[in-house]
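Contents: one structure, followed by commentary.
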Amino acid sequence: MYCKNDYSNPKVYLDLKEVSKNFLYTNSNMMNVVLENVNVQILDGEFVTIIGKSGCGKTTLLNIIAGFENSFGGEILLDGQPIRNISPDRVMLFQESALFPWLTTFQNIDVALKMAKIPKDQREQIIKHYLKIVDLTDYSDSYIHQLSGGMKQRVSLARALALNPKILLMDEPFAALDISIKNSLYKELLELHRKTRKTILFVTHNINEAILLGDRVILMSPKLCSIKKEYIIDIPKDERINNPNIKNLIDQITLDLYEDE
Amino acid sequence: MESQIKSSKKKYNLSKNIVNKDTLSLIVFIVSFLALWQLVYMLEIWPKVSLPSPFAVGQTIVDLLSDFTLVKGTAISLWRLFLGFLMSISIGLIVGLIMVKFLHFGKTMSSFALGLQSFPSIAWIPFAILLIGFNDYGILFVVVMSSVFSVMLSTYSGIQNISPIYIKAAKNMGAKGFSLFRYVLIPAATPSLIIGMRQAWSFAWHALIGAEMLITTLVGLGHILAVGREFSNMSQIIATMLVIFAIGLVFDRFVFSKIEEKVRDRWGLNQQQN
């Protein structure tokens, strides 16, 4: 499967082969199968959204790709190389922004670059560049608690992009935000994607969001512990709002989502 | 422009009002306290020999200051306090970090430390006298034993209680080992560390005066108290008590409170409801 979008080249960037994950309960002999036989190929520059009911393993899958879960079955290749541990190659954005409250906006991005061992003479330029991209230059000396929820996620985005990762993993980053803020963040995120051509994996439980943002939507099922269906969305992103085909797709996915019940 | 000046003037007046109210109530409090004291003295609820008047104590303070006893005593006591406090911080931080690194040791040690944290500081003195000596080092030993566990525990729990998401994010960005420690663990644990240090300071001060009173070969504020008792000089005793009280207050209010405020401000923990 590939996307006919104009801003991704059909090179397989992230390849998941027969990925599975079990959680063992230490007290009993029970085992909880969360993922089983997950096979999917993400293309370079593709924006893929993942939806599914609670317990379908979407967050676990993201954690495995990021390296937060070390043991899993199967194989994951990024740009041809098997993934190893945690790395700034695969940066994750969380629902609650993991910005450091003891630092200012500028310092938060700075410390990220320090940890990624970027030399000092390059850091300031990089920080200023990405702050400009997310339109928060005026807030570079504010402390995190002075920022709104939406602003915090924008700083998190800037920080993630400043690390120049190979893939951006986003775990319901907008779930806790107001709908008006969400809408402006969608625009911003899509614009960023268009500019930077980053490969993005975006997990959400919001079908609207998944369809508005994704080149491709992957539906996962807790019953299968795997991917149930994939939907490629050919409609250009700026034409998706109030589009009747999109509305049909929303209905279709909703149906598929609740089919097992 | 004019309205800006007006509103800033208004702000200034308002804050002046608040300052005035606070200082006013403080002055009223102190004056009432002194008046009550004078009343108790004049009514001879305790014999005049046992409880001197505030004026007599005031005079004693002046005397003790002019012959430098108070100055010397304060200086020596504070010197011991700084030394002991510094030692407590160093040992407490290091052991606290070891506790975090080796979790089994950490768990056992924390129960041990909790018990010792509330151990009466005076009860260390006989042990210190026999083991270390009836000298400065004995006093320092008591001071350290009374305060080190606060630092240890606050370091341990401070780091243990760091929101795991900060550590997750930091590791994601490539931090490990020392850089994780330096860029995340210590800054994230700072609010807890400061609270621990504040408590350690307070315990150290308590322990110090007690130790100075009983290990009396050397000068210090506690020593002055002990001498006052020897010579039944109540004025001297009360005067010294006031100095001890003042020092404790000054350090807590103008040093530790300020530092804690600053950290809480930065973290946004001081959100006020209007």
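FYI, it's all coordinate maths here, none of it is from the lab. Owing to the predicted nature of the structure, the values given are computational and were not obtained by experimental measurement. Note that we place each Cβ from the backbone using ideal geometry, even for glycine, and neighbour counts take in every protein chain shown.
Send over the per residue convex hull volume for the range A:85-216, Cα only, as a whole number of Å³.
Given the Cα convex hull of the range A:85-216, per-residue volume reads 110 Å³.
Hey, what number do you get for the protein assembly as shown at 222 nm if only DSSP H runs of n ≥ 4 count, each worth -39500 (n - 2.57), divided across all residues, to the nearest 500?
-18500 deg cm²/dmol, from helical runs alone.
B:LEU131 to B:PHE29: extension gain in nm, 0.36 nm per residue of separation minus the Cα-Cα distance?
Contour length minus the Cα-Cα distance gives 32.1 nm.
Cα atoms only, the range B:78-132: Rg and Dmax in Å?
Answer for the range B:78-132, Rg first and Dmax second: 13.5, 37 Å.
Taking springs between alpha-carbon atoms closer than 10 angstrom, which of B:THR108, B:THR240, B:THR69 fluctuates most in the Gaussian network model of chain B?
Checking each option, the largest mean-square fluctuation is seen for B:THR108.
So what's the range B:149-274 giving for Rg/Rh, alpha carbon basis, Kirkwood Rh from the mean inverse pair distance?
1.19
Starting from a Cα-only point model with no solvent, please compute log10 I(q)/I(0) by Debye for the protein assembly as shown at q = 0.07, 0.10 1/Å.
-0.61, -0.93
Based on alpha-carbon centroids, what's the gap between the range A:87-136 and the range A:58-86 in Å, whole number please?
For the range A:87-136 versus the range A:58-86, the Cα centre distance is 23 Å.
Using only alpha carbon positions, build the gyration tensor of the range A:30-112, then give the equivalent ellipsoid semi-axes as the square roots of 5 times its eigenvalues, largest first, whole angstrom.
Ellipsoid half-lengths, sorted descending, are 27, 17, 14 Å.
Show me, bin by bin at 5 Å from 0, the whole-percent P(r) of chain B based on Cα pairs.
Per 5 Å bin, starting at 0, the Cα pair percentages come out as 1, 5, 9, 12, 12, 12, 11, 10, 9, 7, 5, 3, 2, 1, 0.
In a Gaussian network model over chain B where Cα atoms closer than 10 Å are linked, find which of B:SER111, B:SER192, B:SER235 has the largest mean-square fluctuation.
So, out of B:SER111, B:SER192, B:SER235, the one fluctuating most is B:SER111.
Could you work out the Rg to Rh ratio of the range B:111-183, with Rh taken as the Kirkwood radius (inverse of the mean 1/r over all Cα pairs)?
Rg/Rh: 1.25.
Just the number, please: percent antiparallel of the DSSP beta bridges in the protein assembly as shown, rounded to the nearest 5.
That works out to approximately 55 percent antiparallel.
So if I place +1 on the C-beta of Lys and Arg and -1 on the C-beta of Asp and Glu, and nothing else carries charge, what would the dipole magnitude of the range A:155-261 be about its Cα centre? I want it in debye, nearest 20.
560
Helix A:149-162: angle to the longest alpha-carbon principal axis of chain A, degrees 0 to 90, nearest 10?
For A:149-162 against chain A, the angle is about 90 degrees.
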